[in-house]
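Novice: Just dropping this structure here.
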Amino acid sequence: MENIKYIILIFTLAICSVSCDEDLDEVPKDFLSPSNSFVSKENFLAALGDIYRANRLEIYTPNDSRENHLMMGFDVDLAWVENKAPNVYLEVFNWNTFTPDSKFASRWWKTCYGQIFRANTIIDRAESSSIKWESDEEKNAIVGEAKFLRAYYYRLLANMYGGVPLVLEETQGAKFDYTRETREAIYLQCKEDLTFAIQWMPTVGPDHPSGRAPRAAAYHILSEVNIQLKDYTGAIAAASSVINDPNYKLMTERFGPYKDFQWNGYDGIGPFEPWGDVYFDLFRDGSMNREEGNMEMIWNIQLEYGVEAGTAGSNDSQGRFGLERWWGGAAYINVRDINGDKTRLKDTLGGRPTGNGGATDYMNNQVWNFKGDFDRDIRNSKYNVQRTYYWNNPAQEFFGQPLSAATVEDPAILLSGNRTTPSYKKAVTTVHKGVGNVGGQNTDWGRIFKDWYLIRLAETYLLRAEAYHLNGDNTSAANDINEVRSRANATPVTGGEVDLDLILDERARELYMEEYRVSTLTRMGKLAEYLRKYNSAVLANGYVLDDKLNLMPIPNSEIEANSDAVLEQNPGYN
């Protein structure tokens with residue numbers, strides 16, 4: 001396949017340090033080449049670092065585009081995109097005409113295989129006789145981490161596309177005869193890689209950097225892979241290895257630099273008062289890493305503002321994640337009252353809202369009304385979700401009052417939804433740096449300075465609950481779900497209530513805009529069903545969707561480039 005065979009080592013070579021053995025006479029020393037880029041442990045660590053750098057680029061992308069958030073649930077079941085009028089939505093996936101030429105399908109195919117190429121290069125080069133490893137343990141630690149990363153991406157491919165080509169060696173020449181392995185074969189390879197990784201990857205410790213995956217991350221992914229292999233006992237055991245590890249626990253008490261935070265609320269009036277809860281703390285700047293007291297975090301994307309190469313792009317203004325801009329931000333800063341006066345952007349917990357996305361009714365109402373917990377579940381508290389917007393300009397006649405049809409210059413904008421959709425505050429930086437300016441107010445142009453979760457212990461509990469349920473033990477499944485719900489002050493569930501839909505609902509409540517929702521729904525065979533039930537554009541337009549959507553299409557560009565063998569398309573796609 002063209003996009004696999006032409007992925008080259010340029011990024012790895014760009015960051016690898018030049019090193020060579022003085023006994024080797026014909027190794028180029030004045031420029032980087034394959035022969036002198038993998039000759040020391042430091043070179044291999046640099047190559048691993050390049051995989052993490054590329055992994056960060058998937059989230060902290062340097063361009064400002066809503067497509068960067070599609071994997072997380074935009075235009076799926078969790079969030080709509082740009083609702084400009086009642087029941088009028090911008091469609092990004094175009095699910096009713098979704099084709100193998102979709103940018104989403106090709107982007108994630110290329111992303112995953114690019115990372116697999118990098119991992120294969122490390123694994124293969126580590127076996128070279130020219131490498132002077134101090135011990136097998138030193139080598140295996142490097143290889144184990146690379147195999148974890150390879151499995152991480154192959155599992156995404158299997159989840160979304162089913163069976164895919166299995167490439168386990170560094171690609172060094174043109175190849176046009178790739179064929180697909182079965183989905184089960186891909187998961188089995190993931191299991192083999194993860195088993196090796198678990199043996200050799202380090203556990204967390206005081207010196208383990210938060211952005212580097214620890215052994216617990218491999219156990220977590222192994223639990224998911226074992227579920228897909230129907231090895232539910234193995235999935236339970238893998239998840240239990242994380243849950244029972246004393247290095248990890250759900251955070252249940254206030255912590256971090258904002259545990260004593262005080263604020264005067266979204267209306268901007270009245271006295272300052274204690275603000276927040278433990279779920280609020282989980283997503284505050286300076287609270288998302290182990291060294292910051294967070295024992296729930298397993299693996300994070302790291303962002304270091306103001307540090308060279310610490311952001312995704314070439315400059316700090318572009319190298320940040322646009323959560324504030326794209327997720328649930330209401331464009332109320334552009335709303336005028338009947339006097340023609342605009343609201344203001346509140347610096348703290350206001351974000352830079354533009355109204356480009358918002359929670360679906362499923363996410364806004366249905367999941368929170370479960371067991372009458374709308375006002376009880378702290379994940380839906382006023383600290384974590386803003387549902388009422390206020391006139392917040394002190395010069396306005398209606399300062400401190402909620403926006404309403406009687407006070408808004410154009411009441412129609414309240415009906416569109418994109419001005420006053422719920423805003424999930426996990427997306428918002430607590431205090432903005434002020435790299436931008438809107439109407440004389442500090443803003444960060446809708447980007448955040450925070451790190452971001454890739455794996456969090458709450459999800460491990462929900463994976464184990466899924467494995468227990470599929471293994472016929474709903475009592476234990478309910479116990480795990482209740483561990484997560486208890487922290488949220490939500491009403492406990494019973495074993496009789498547990499099914500896959502309940503687990504997906506709980507994942508939505510707990511992991512909104514964190515999990516790769518498309519991957520979750522495709523691996524569970526639920527994507528088409530959930531689009532039909534909850535996707536705003538699908539419901540508004542009455543689309544009749546085929547179950548073929550439970551797998552992404554193989555990109556046409558890959559099929560066409562594979563001229564010496566047939567790369568079969570998934571059923572239902574032309």
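Novice: Quick one: net charge of Lys230's neighbours, Cβ under 14 Å, K/R +1, D/E -1?
Specialist: With Lys, Arg at +1 and Asp, Glu at -1, the net is -1.
Novice: Which label marks the calculated value of semi-axes √(5λ) of the Cα gyration tensor in Å, given the options [x] 38, 25, 22; [y] 40, 27, 25; [z] 46, 31, 21?
Specialist: From the options [x] 38, 25, 22; [y] 40, 27, 25; [z] 46, 31, 21, the structure gives [y].
Novice: By per-residue mean of other Cβ atoms within 10 Å, what is the highest-first order of 374-380, 406-412?
Specialist: 374-380, 406-412
Novice: Take each of the peptides 112-120, 175-183, average the number of other beta-carbon atoms within 10 Å over its residues, and list them starting from the highest.
Specialist: Taking the mean over residues of other Cβ atoms within 10 Å, the ranking is 112-120, 175-183.
Novice: Oh, and also: How do Phe255, Phe283, Phe74 rank when sorted from fewest to most other Cβ atoms within 10 Å of their own Cβ?
Specialist: Taking fewest neighbouring Cβ atoms as first place, the list is Phe255, Phe74, Phe283.
Novice: I've got another one for you. Peptides 472-485, 215-228: what's the order by average Cβ count within 10 Å, highest mean first?
Specialist: Those peptides, ordered most packed to least, come out 215-228, 472-485.
Novice: Asp64 to Leu414: extension gain in nm, 0.36 nm per residue of separation minus the Cα-Cα distance?
Specialist: Gain on extension, Asp64 to Leu414, equals 123.4 nm.
Novice: Here's another thing I want to ask about it. Run the paramagnetic zone check for Glu184: 7 angstrom along Cα to Cβ, then residues of the stretch 545-574 with backbone nitrogen under 13 Å.
Specialist: From the stretch 545-574, the list is empty.
Novice: What is the sum of charges, Lys and Arg at +1 and Asp and Glu at -1, for the other residues whose Cβ falls under 11 Å from the Cβ of Gln115?
Specialist: It works out to a net charge of +2.
Novice: With all distinct Cα pairs included, what does the Kirkwood hydrodynamic radius of the stretch 41-182 come out to in Å, to one decimal, could you say?
Specialist: 17.6 Å
Novice: Can you list residues whose amide H is under 5 Å from Ala79's amide H, if they're 5+ apart or on another chain and H is modeled 1.01 Å from N?
Specialist: Hits under the 5 Å cutoff: Thr360.
Novice: What's the Kirkwood radius of the stretch 119-170 in Å, using all Cα pairs?
Specialist: 12.1 Å
Novice: Turning to a different aspect of this structure: Extending each Cα 7 Å along its Cβ direction at Val307 and Leu470, get the distance between those two points in nm, one decimal.
Specialist: 3.7 nm
Novice: Assuming R0 = 56 Å, what is the FRET efficiency of Asn244 and Glu560, from their Cβ-Cβ distance, to the nearest 0.05?
Specialist: Computed FRET efficiency for Asn244 and Glu560: 0.70.
Novice: Further, regarding this structure: Which net charge results when you count Lys and Arg as +1 and Asp and Glu as -1 among the other residues whose beta-carbon is under 11 Å from that of Phe148?
Specialist: Taking every other residue near Phe148 into account, the sum is +3.
Novice: Provide the FRET efficiency to the nearest 0.05 for the Val431-Asn264 pair, computing r from the beta carbons and using R0 = 22 Å.
Specialist: Between Val431 and Asn264 the formula returns 0.90.
Novice: Let me ask you something else. Using the alpha carbon gyration tensor of the stretch 465-534, what are the three equivalent-ellipsoid semi-axes (square root of 5 times each eigenvalue), largest first, in whole Å?
Specialist: 21, 15, 10
All of the numbers you see were taken from the coordinates with simple rules; none came from a lab. Because the structure is predicted, anything quoted here is derived from the model rather than measured. Counting neighbours? That spans all protein chains shown, and the Cβs are built from the backbone with ideal geometry, glycine included.
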